[in-house]
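The values are calculated or read from the model by the stated rules, or taken from the named source; none is laboratory data. Since the model is a prediction, treat every value here as computed from it, not as a measurement. Heads up, the Cβs are rebuilt from the backbone with ideal geometry, glycines too, and the neighbour counts pull from every protein chain shown.
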Amino acid sequence: MTTRAIFFGSIGTLVETSELQRRAFNQAFSEAGLDWNWGVEEYQQLLIKSGGRERIQDFASQCGMDVDAQQLHQRKTEIFDMLMTKEALLLRPGVSRVISHALENNLLLAFVTSTSQANVAAVFVALGDQVKSSDFNFIGNDLMVSKSKPSPDIYQKALADLNLHAQECVAIEDTATSMSAALAAGIRCIGFPGAFAVADDFSGALHTTNHLSPDHLEDLHD
């Protein structure tokens, strides 16, 4: 079956934000009077659990504490969005070429994230004219589904909205956890590890690379 769509699955498949995310969590904790400070190695382990709100709730439970995970995560999102707009963010290696390839070859593009609408908007503001939201035929957010990745719900939503079969699509994901959501939806996947996910197991991927290229898509056109 011919490939008709490319699904970028997470913010981290467009831009490297791992360290900004970590800093935003820690600032939110500090503002809330919590003595939590997630170091790089600890944060990498916490990333095994997808969803920032769930990550906070699980960590609080491990510490035997009762916190407002929703409020903490909302503040973390505000800080993260502020940091993104202040930083000179660049698309990750090869992303621009793959997006151009899709547009030139009439492939559908989807941004299949289940993060907040505020995060999605901040990404496109931060990237400026490097990529436009209008380039995408589908843009996901956390209000579209009740379960975040590794649940395949957001991928299934994208497939339904775009009237696509899973076999017609290829997903690009930056963590093994998020990739498992694409695979659970029956979608082939290219592993594009983020800075904090280089040790993840991407063995289910068709390719694993740190530099995307249209060449990775060539053998997908049956």
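Computed values, structure above
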quantity	calculated
Residues located in region 108-135, provided they are assigned to a loop (DSSP other than H, G, I, E, B) and surrounded by fewer than 19 Cβ atoms within 10 Å (Cβ to Cβ)	132
Among (1) assigned by TED's automatic domain parsing to the domain that holds residue 183; (2) out of contact with any Asp or Glu (no Cβ under 8 Å at 6 or more places or on another chain), the one test that residue 77 misses	(1)
Qualifying residues in region 93-107 (those that are farther than 20 Å from residue 174 by Cα and of a type in the set (A, V, I, L, M)) - the one surrounded by the fewest Cβ atoms within 10 Å (Cβ to Cβ)	103
Residue within region 17-36 that is touching a residue at least 12 places away in the same chain (Cβ under 8 Å) and touching a Pro at 6+ places or on another chain (Cβ under 9 Å) present	no
Unmet criterion (only one of (1) crowded, with 18+ Cβ neighbours inside 10 Å; (2) of a type in the set (A, V, I, L, M); (3) within 20 Å of residue 4 (Cα to Cα)) for residue 160	(1)
Hits in region 10-28 - residues which are out of contact with any helix residue (DSSP H, G or I) (no Cβ under 7 Å at 6 or more places or on another chain) and at pLDDT 95 or above	13, 26
Residue satisfying all of: in region 27-84; assigned to a helix (DSSP H, G or I) and of a type in the set (Val, Ile, Thr); surrounded by the fewest Cβ atoms within 10 Å (Cβ to Cβ) among these	40
Qualifying residue in region 146-163 (condition: in contact (Cβ under 8 Å) with a residue 24 or more places away in the chain, outside any loop (DSSP other than H, G, I, E, B), in contact with a helix residue (DSSP H, G or I) (Cβ under 6 Å, 6 or more places away or on another chain) and within 21 Å of residue 47 (Cβ to Cβ))	yes
